[in-house]
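Quick notes on the structure that follows.
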Amino acid sequence: MVLLEFSMSPLGKGESVGKYVSRSLDIIDKSGVDYRLNPMGTVLEGEWDEVFGVVRKCYEKMKKDCGRISCTIKVDYRKGHKGRLAGKVASVEKKLKRKLKT
């Protein structure tokens, strides 16, 4: 399974790009892929082709009316492990013996 964190935004569309980012979140939410939104991006969990397929759909949607796009992607593959979106956080919380802000 893959954890893929990405952030994608248009350049040259002003300071507030929430209109464009929200379209990507609509695609992500409807994809069926497990995800977590954070203030700086989104983390997807699934198979390689599945998560990169979601990123591609976000890119295809954004490029329709954005002439320049910035995207950062970070990938963590671990064979045979599912549920890592919550599991990685739970593991750290267990070690600290307290809940953290997520």
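Bear in mind these aren't lab numbers, they're just calculated from the coordinates by the rules spelled out. Everything numeric here is computed off the predicted structure, so don't read it as measured data. In this analysis, Cβ positions are derived from the backbone assuming ideal geometry, glycine residues included, and neighbour counts consider all displayed protein chains.
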Residue among Leu37, Leu25, Leu11 with the largest mean-square fluctuation in a Gaussian network model of the chain, springs linking Cα atoms under 10 Å: Leu11
All Cα pairs of the chain, percent lying beyond 17 Å: 55
Top of Glu50, Glu15, Glu60 by mean-square fluctuation, Gaussian network on the chain, Cα under 10 Å: Glu15
Size of charge dipole - the chain - debye, nearest 20, with Cβ of Lys, Arg +1 and Asp, Glu -1, no other charges: 460
Relative contact order of segment 1-87, pairs being alpha-carbon contacts under 8 Å that are 6 or more residues apart, as %: 50
Segment 97-102 - phi-based ³J(HN,Hα) in whole Hz, Karplus 6.51/-1.76/1.60, Gly and Pro as x: 6, 6, 6, 10, 6, 10
Note, ³J(HN,Hα) from phi for segment 56-68, Karplus 6.51, -1.76, 1.60, rounded to Hz, x at Gly and Pro: 4, 5, 5, 4, 4, 5, 5, 6, 4, 9, 10, x, 8
The chain: most fluctuating residue of Lys30, Lys79, Lys63 per GNM, C-alpha cutoff 10 Å: Lys79
Full-stretch length increase - Arg56, Arg68 - with 0.36 nm per residue and alpha-carbon distance subtracted: 2.8 nm
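Give me the extension gain from Ser91 to Trp48: residue separation times 0.36 nm, minus the current Cα-Cα distance, reported in nm with one decimal.
Values: separation 43, 0.36 × 43 = 15.48 nm, distance 2.36 nm.
Stretched out fully, the Ser91 to Trp48 stretch lengthens by 13.1 nm.
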